[in-house]
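Visitor: Please see the structure below; I have some questions.
The values are calculated or read from the model by the stated rules, or taken from the named source; none is laboratory data. What you see is a predicted model, and the numbers here were worked out from it, not measured in a lab. We place every Cβ from the backbone using ideal geometry, glycine too, and count neighbours over all the protein chains shown.
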Amino acid sequence: MANDNTTNNVNYDSFFTKTIVDSKGISVVDMNEGIDNLFKYFNENAWSFEEIQQYLVTEFEEGYPDLLALNSALGDSRFWWWILMLNRLDDPFEDIKQNWVYAINSPSQISSFIQGSNNTNTSKATSRIGKIVELN
């Protein structure tokens with residue numbers, strides 16, 4: 001399958017908008033709250049995701065979600081984080097196993113999810129999920 005670059009054109013505004021002040025007085029993004037908010041939104045919308053492939057992990061892909069993403073219908077290693085979320089995996093090194101089957105959906109569904117998360121983000125901050133998960 002050809003690489004679908006639609007996610008590269010999405011504005012990755014995110015839930016990573018709350019800042020906290022660290023011990024040195026520097027304002028930083030509150031990652032814990034941002035990730036909690038992202039997972040809440042994911043769980044609210046997971047019912048709408050359609051599986052397009054069931055992917056069987058090979059020996060050399062075990063423990064490497066980036067290889068799984070690259071070699072699957074996603075066709076791009078940058079979607080490793082989505083495979084973890086979609087399949088409810090906590091630890092890619094322990095949970096990505098040879099001969100296990102994982103659900104894969106399309107890059108366009110990922111774009112729709114991200115765009116939908118942008119629309120629910122009412123903050124005026126401009127933090128971007130792409131900076132967090134290195135998508136762009």
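Visitor: Does N43 satisfy the condition of being modelled with pLDDT under 90, on the phi < 0 side of the Ramachandran plot and of a type in the set (S, T, N, Q)?
Guide: Considered against the rule, which asks whether it is modelled with pLDDT under 90, on the phi < 0 side of the Ramachandran plot and of a type in the set (S, T, N, Q), N43 comes out as yes.
Visitor: Can you name every residue in region 37-71 that is surrounded by 12 or more Cβ atoms within 10 Å (Cβ to Cβ) and aromatic (F, W, Y)?
Guide: Once the filter is applied, which keeps residues that are surrounded by 12 or more Cβ atoms within 10 Å (Cβ to Cβ) and aromatic (F, W, Y), region 37-71 yields F39, Y41, F42, F49, Y55, Y64.
Visitor: Can you find, within region 72-90, the residue that is surrounded by the fewest Cβ atoms within 10 Å (Cβ to Cβ) among those that are touching a Ser or Thr at 6+ places or on another chain (Cβ under 9 Å) and assigned to a loop (DSSP other than H, G, I, E, B)?
Guide: That would be A73.
Visitor: Now for a separate question. Residue by residue through region 45-76, note down the ones that are closer than 16 Å to Q109 by Cα, touching a helix residue (DSSP H, G or I) at 6+ places or on another chain (Cβ under 9 Å) and of a type outside the set (A, V, I, L, M, F, W, C).
Guide: N45, S48, E50, E51, S72, G75, D76
Visitor: Looking at the structure I just gave you, is A69 modelled with pLDDT under 90 and either farther than 20 Å from I35 by Cα or within 17 Å of the chain's Cα centre (by Cα) (or both)?
Guide: no
Visitor: S112 versus (1) in a helix (DSSP H, G or I); (2) hydroxyl-bearing (S, T, Y); (3) over 14 Å from the mean Cα position of the chain (by Cα): which is the lone unmet condition?
Guide: S112 satisfies all of (1) in a helix (DSSP H, G or I); (2) hydroxyl-bearing (S, T, Y); (3) over 14 Å from the mean Cα position of the chain (by Cα) except (3).
Visitor: Are there any pairs, at least 6 apart or on different chains, whose C-beta atoms fall under 8 Å, with the first in region 51-67 and in the same structural domain as D91 (by TED's automatic domain parsing) and the second acidic (D, E) and crowded, with 16+ Cβ neighbours inside 10 Å, and if so, which?
Guide: Qualifying pairs under 8 Å: L67/E61.
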